[in-house]
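Worksheet for the structure shown next.
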Amino acid sequence: MTNEQRVWCAMLYAADICDMAGAVRRSERLHRKQADARREIEGWVTEMKRDPVRWEIVDDETFVGRIPGYFAVLSSFLLPNESEVRRP
C-alpha cells in the first residue's frame, strides 16, 4: 500500500472541430476520487443534453469517454511527497 496522494482532473474536448485546440470544459479543482471527476464530466454532458458517456480505460491513470462530437478525459496525477516540496 502506498501513501501517495493521487488527484484527478476532468476535461471535455470537442472532437469534430479540426482547428480547435484545448478543452471545452475542465475541472476548476482537482478531485481526490476518480468517481467524483467522472461525475463532473457526466454532469456537464447532462447539462449539454448529450448522450451518456461511453467510458474506456486507457491505463490506471487515464480514462477516455466518448460522446458524439466530443470526448472526455479523466487523468490522474500524483501530488508531491513532503520530501519533494521545496521550502523557501
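For the range 6-84, rounded, prolate or oblate, judged on the Cα gyration tensor with a ≥ b ≥ c (square roots of eigenvalues), a/c < 1.5 rounded, else prolate if a/b > b/c?
Details: a/c = 2.05, a/b = 1.77, b/c = 1.16.
In terms of gyration-tensor shape, prolate.
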Legend entry - In sequence order, calculated HN-Hα J values of the range 58-64 (Karplus, 6.51, -1.76, 1.60; Hz; x Gly/Pro): 8, 7, 5, 10, 9, 10, 10
Legend entry - Virtual spin-label span in nm between Phe77 and Leu30, 7 Å along Cα→Cβ: 0.5 nm
Legend entry - Karplus-derived 3J(HN,Hα), 6.51/-1.76/1.60, for each residue of the range 30-40, Hz, glycine and proline x: 6, 9, 7, 10, 4, 4, 5, 5, 5, 4, 4
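Any read-out appearing in this document is the output of simple, stated calculations on the displayed coordinates, not a laboratory observation. Keep in mind that this is a model prediction, so the values were computed, not measured. Virtual Cβ from ideal backbone geometry, glycine too; neighbours counted across all protein chains shown.
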